[in-house]
Amino acid sequence: MKKILVSPSLLAADFSRLGEELDRIEAAGADMLHLDVMDGILVPNISFGMPVIASLRKTSRMFFDVHIMIVDPIRYIDALAKAGADGVTFHIEAARDVGAVIDAIKGHGMKAGLTLKPGTPVSDLLPWLPRLDLALVMSVEPGFGGQSFMADMMDKVSAIRSQSLRAGNPDLIVQVDGGVDRTTATACGAAGADCLVAGSAVFGKADYAAEVAAIRAAAAAGWESR
C-alpha cells in the first residue's frame with residue numbers, strides 16, 4: 001500500500017506546553033512536524049519565528065516541514081537553515097525570483113517546496129515541478145487554522161501529480177494543507193496527495209496516535225482507488 005505521510009500542524013498545538021506536545025506527536029507516529037511561519041503581510045496573521053523553531057529543534061529529531069507565508073522569502077532561508085528546518089515551502093506569490101529561492105533552500109541541503117493560494121492557478125506552479133521536492137496545495141485560504149476543506153482544490157492536486165510524472169519527478173511529494181481530517185483525507189489520496197497536513201484534526205483530539213493512523217489509512221484508501 002502507498003506510504004502516506006502525515007505532518008501535524010504545530011499551529012493547532014497548546015503553546016503553553018509545546019515540548020510535551022512535540023513528544024506526543026512524535027510518539028503518535030507522525031512523519032513530520034508542520035511549522036507555519038507567518039508575517040502578517042502575505043497572510044492576515046502572525047504566528048512564530050526562528051526562536052521557536054530553534055528551541056524545538058533541540059528536543060526533536062523529527063523532520064521539520066516549514067511552510068513560510070512571508071513576502072520576499074529568500075531573506076529568511078539562511079535563518080531557517082540555522083534554526084533547524086529540514087524542508088522549506090514558500091509561496092509562489094511572494095517570491096520575486098522563484099528559482100533563486102529554490103537554489104537557496106537546496107544550497108543549505110534542505111528540501112524545497114512550493115505552494116500557492118487557492119486563487120492562484122496551478123499552471124503557475126507546474127513549470128517548477130522538475131526542481132521541487134514538494135508541492136503544497138492549500139485547501140483553505142492560508143493564515144488561519146480551523147477552516148473548511150475546499151474540495152475543488154483537489155483538481156490542482158491531480159494536475160500536479162500527473163504533471164510531476166511527465167516532468168520526470170515521480171518522487172515529488174504532493175501535500176495538502178487545510179481542513180484535512182479522517183473524512184477529507186480520502187479525497188486527498190484519491191487526487192494523488194501523499195502527504196497531509198492536519199491541525200485541529202490531530203491536536204484537537206484526545207488520542208493523537210489514533211487520529212494520525214486514521215488520516216493515513218483514509219488517504220491510503222483513496223490513493224488505492226485512483
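The values are calculated or read from the model by the stated rules, or taken from the named source; none is laboratory data. Quantities reported herein were computed from a predicted structural model and do not represent experimental measurements. Heads up, the Cβs are rebuilt from the backbone with ideal geometry, glycines too, and the neighbour counts pull from every protein chain shown. Just so you know, the surface numbers come from the protein's heavy atoms only, side chains and all, with ligands and any DNA or RNA stripped out. Shrake-Rupley method; radii C 1.70, N 1.55, O 1.52, S 1.80 Å.
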For region 161-176 the number of residues that are farther than 18 Å from K3 by Cα and surrounded by 17 or more Cβ atoms within 10 Å (Cβ to Cβ) is 2
Do you know which residues across region 177-198 are outside any helix (DSSP H, G or I), more than 17 Å from L10 (Cβ to Cβ) and open to solvent by less than 10 Å² (accessible area, probe 1.4 Å)?
G192, A193
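Can you report the number of residues in region 17-38 which are under 17 Å from the mean Cα position of the chain (by Cα), of a type outside the set (A, V, I, L, M, F, W, C) and surrounded by 15 or more Cβ atoms within 10 Å (Cβ to Cβ)?
Filtering region 17-38 down to residues under 17 Å from the mean Cα position of the chain (by Cα) leaves 22, 25-26, 29-38.
Then drop every residue that is not of a type outside the set (A, V, I, L, M, F, W, C), which leaves 26, 29, 31, 34, 36.
The next check asks that each one be surrounded by 15 or more Cβ atoms within 10 Å (Cβ to Cβ); those that pass are 26, 31, 34, 36.
Looking only at that region, the number is 4.
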For K156, indicate whether it is surrounded by 18 or more Cβ atoms within 10 Å (Cβ to Cβ) and either modelled with pLDDT of 95 or more or assigned to a loop (DSSP other than H, G, I, E, B) (or both).
yes
Does A135 count as over 26 Å from P44 (Cβ atoms) and either touching a strand residue (DSSP E or B) at 6+ places or on another chain (Cβ under 7 Å) or open to solvent by less than 40 Å² (accessible area, probe 1.4 Å) (or both)?
no
